[in-house]
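Asks: Please see the structure below; I have some questions.
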There are 2 protein chains.
Amino acid sequence: MVHQSYETLIHKSEAVEADAVSLALPDVCGDQALEASACCKRPRGRPRAYDPDLVLKKALHVFWQKGFAATSLDDLVEATGVNRPSLYAGFGDKEALYLKSMQHYRQRISEQLDTVLSCNGQGDSLSTIVGRYFDIMIGTYTGQSEHPLGCAFMCTALNEAPQHESILEMLQNTIEEFDVRFERFFTDAQTYGCLAAHHDPKVLAQMIGGITANLGVRARAGASADELRLIAGNMTRMLFGA
Amino acid sequence: MVHQSYETLIHKSEAVEADAVSLALPDVCGDQALEASACCKRPRGRPRAYDPDLVLKKALHVFWQKGFAATSLDDLVEATGVNRPSLYAGFGDKEALYLKSMQHYRQRISEQLDTVLSCNGQGDSLSTIVGRYFDIMIGTYTGQSEHPLGCAFMCTALNEAPQHESILEMLQNTIEEFDVRFERFFTDAQTYGCLAAHHDPKVLAQMIGGITANLGVRARAGASADELRLIAGNMTRMLFGA
DNA sequence: AAATTTTTGTGCGAATTGGTACAAAAATTT
DNA sequence: AAATTTTTGTACCAATTCGCACAAAAATTT
């Protein structure tokens, strides 16, 4: 089997790469809140009948629930409403579609965290900020379905990591990003006087990671949002006081 | 699809149920350290050509690496050396074999923990005991293969939980057992004066669970035993002092 | 309106899947 | 030694798997 890197797979299909760029960059076509399709001049051929972002969201939900291996292309076709060759043309094979779905998941969380995870010494206390962080995570772990689905990375990517180099890379990448983010957060907190100097930001970041993992696991096992909030509250209190 | 409970599945095949009992109960055939087969009078038909416990161990390794869904019966036949109908006769279907393999895993860890996880106030300090606990977990997370495999529960059972009632039950059961064990450990530690009264055993148990989860995840992502020991050391120091 | 380009949708095909039927084999019991 | 019991191993089956070929469709461009 040929090794295909995570980066390669993510950018495999040109069709969606273009879309990803148009989503990431600020809208170059004007200030009006137009649909992306109505904005820039429509490309040459037959127009795409689906919204790529919505497809990723729907695909993510299937992968999240059934895992990568147990999710068939028929499942994906049924869930997204896009038929098989179109999925291939738009997103690449099953593995590429999975990776893109997980990127979608990752970015959705990342954007939420951006709104709460900063400490400049002016706003709220460390424990309330961390509390808000946990609320966000608990929300994504329990709010996507009737039955809580837990952490999509732990619940699905962990399973596949040894067999799929690209998924392993994505997993490592995600962990690294998490670590860096929280280490920076706690370093900032220290420089602004919100965190005592004797604490080690690296260690605290690891601790947050552990607690988060705990929540993700318990959610998958059926714990309710309330149960998880109780746990998160206890943890935050223990680490940062009431 | 008919619901089959975890308990039912575990005791599905009579052949191995008998073996499980003979393993769980103290050996009724005498004090000598005999092979199970050489001990009690051999049953009537053709003797089994494999060691059930060894088969479970080998099957576990495959499931651990590839996950439940991606492991085919051909994989299991190749890894165990037992052909398909014999696997079915001996352990039930793929799901039952998986559950039994995971029980094997669980018990192996449980027995190791029994040797270190007790606090009667006479022996070592809390932090060294907890340190030994983490060493055991790190050992199972990294010591089974060249590439570290992480926590078998988090890496495989989490993935299947929503689709397989029996696996979900096993997962819940395992989490519960973990919680109870550590809660008791810390309560004991408090009564023997090894842990300050202001600590909440429940919360500490959750914390240990989180750190353990963190180790299991990072191992699957490729972290070495040394890296994990560093993390575990930092955590223990933070919680219980140097 | 004809040519071009891209997406869609039906349908297929080679390979793999989990599970089982059935006869041969290997032991104990009578 | 014949009968009985259990395991083994070959061979197979129906169902599902992923991926793709190919023509029809829907848009823009000339």
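Asks: Along Cα-to-Cβ, 7 Å out, sits the label point; list in nm, shortest first, how far the one on B:Asp135 is from those in the other copies.
Replies: Label-point separations across copies, in nm and ascending: 4.4.
Asks: Starting from the Cα of B:Glu177, step 7 Å along the direction of its Cβ; do the same at B:Ala196; then give the gap between the two resulting points in nm.
Replies: 3.4 nm
Asks: Going highest first, how would you order B:92-100, B:125-133 by mean Cβ packing within 10 Å?
Replies: Details: B:92-100: 22.1, B:125-133: 17.9.
In descending order of packing, they fall as B:92-100, B:125-133.
Asks: Tell me the distances, shortest first, between A:Tyr88 and the same position across the other copies, using label points 7 Å along Cα→Cβ, in nm to one decimal.
Replies: 3.3
Asks: Run the quick spin-label model on A:Thr128 and A:Glu95: label points 7 Å from Cα toward the beta carbon, then report their separation in nm to one decimal.
Replies: 4.8 nm
Asks: Averaged over peptide B:197-207, how many Cβ atoms belonging to another chain are found within 10 Å of each residue's Cβ?
Replies: Details: counts 0, 0, 1, 3, 0, 2, 6, 2, 0, 11, 9.
Mean inter-chain Cβ contacts per residue within 10 Å come to 3.
Asks: With a 10 Å radius around each residue's Cβ, average the other Cβ atoms per peptide and rank B:104-116, B:184-196, highest first. Write out the running numbers ahead of the final one.
Replies: Numbers: B:104-116: 15.5, B:184-196: 17.2.
In decreasing order of mean packing, B:104-116, B:184-196 become B:184-196, B:104-116.
Asks: Then there is this: Work out the mean other chain Cβ neighbour count within 10 Å for the residues of A:63-72 and drop it here as an integer. Could the numbers behind the result be given before it?
Replies: On the way: counts 0, 1, 3, 5, 11, 4, 8, 9, 1, 0.
Average per residue, whole number: 4.
Asks: Relative contact order for segment A:33-175: what is it in percent, counting Cα pairs under 8 Å that are at least 6 residues apart? The partial results should precede the final answer.
Replies: On the way: 90 pairs, mean separation 31.9, N = 143.
After rounding, I find 22 percent.
Asks: What net charge is computed for the residues neighbouring B:Glu183, neighbours being all others with C-beta under 13 Å from the C-beta of B:Glu183, Lys and Arg scored +1, Asp and Glu -1? Provide the component values of the computation, followed by the final result.
Replies: Working: positive: B:Arg181, B:Arg184, B:Lys202; negative: B:Glu176, B:Glu177, B:Asp179, B:Asp188, B:Asp200.
With Lys, Arg at +1 and Asp, Glu at -1, the neighbours total -2.
Asks: Another question about this same structure. Suppose R0 equals 35 Å; then what is the FRET efficiency for B:Asn83 and B:His147 from their Cβ-Cβ distance, rounded to the nearest 0.05?
Replies: On the way: r = 28 Å, r/R0 = 0.81.
The calculated FRET efficiency here is 0.80.
Asks: Please work out the Kirkwood hydrodynamic radius for segment B:85-242, using every pair of different C-alpha atoms, and report it in angstroms with one decimal place. Can you show the working numbers first?
Replies: On the way: mean 1/r = 0.0597 Å⁻¹.
Kirkwood hydrodynamic radius for segment B:85-242: 16.8 Å.
Asks: Extending each Cα 7 Å along its Cβ direction at B:Arg44 and B:Asn120, get the distance between those two points in nm, one decimal.
Replies: So the label points at B:Arg44 and B:Asn120 sit 4.8 nm apart.
Asks: I would also like to ask the following. Choose one of A:His199, A:Met170, A:Ser145: the residue whose Cα lies farthest towards the positive end of the charge dipole of segment A:126-217 (beta-carbon charges +1 Lys, Arg; -1 Asp, Glu; about the Cα centre).
Replies: Value: A:His199.
Asks: How would you rank B:158-168, B:173-183, highest first, on the average number of other Cβ atoms within 10 Å across their residues?
Replies: On the way: B:158-168: 22.4, B:173-183: 16.2.
In decreasing order of mean packing, B:158-168, B:173-183 become B:158-168, B:173-183.
Asks: Using a label point 7 angstrom from Cα along Cα-to-C-beta, what distances in nm, from shortest up, separate A:Arg42 from the other copies?
Replies: 7.9
Asks: In peptide A:161-167, what is the residue-averaged number of other protein chain Cβ atoms found within 10 Å of each Cβ? Don't jump to the answer; show the numbers that get you there.
Replies: On the way: counts 10, 13, 4, 1, 0, 0, 0.
Across the residues of A:161-167, the mean count of other-chain Cβ atoms within 10 Å is 4.
Asks: Which shape class applies to segment B:193-242: rounded if a/c is under 1.5, otherwise prolate when a/b exceeds b/c and oblate if not, where a ≥ b ≥ c are the square roots of the Cα gyration tensor eigenvalues?
Replies: Working: a/c = 4.50, a/b = 1.92, b/c = 2.34.
Cα axes put segment B:193-242 in the oblate bin.
Throughout, read-outs are computed from the coordinates displayed, never taken from laboratory work. Just so it is clear, the structure is predicted and the values come from calculations on it, not from any experiment. As a convention, Cβ positions derive from the backbone with ideal geometry for all residues, glycine included, and neighbour counts pool all protein chains shown.
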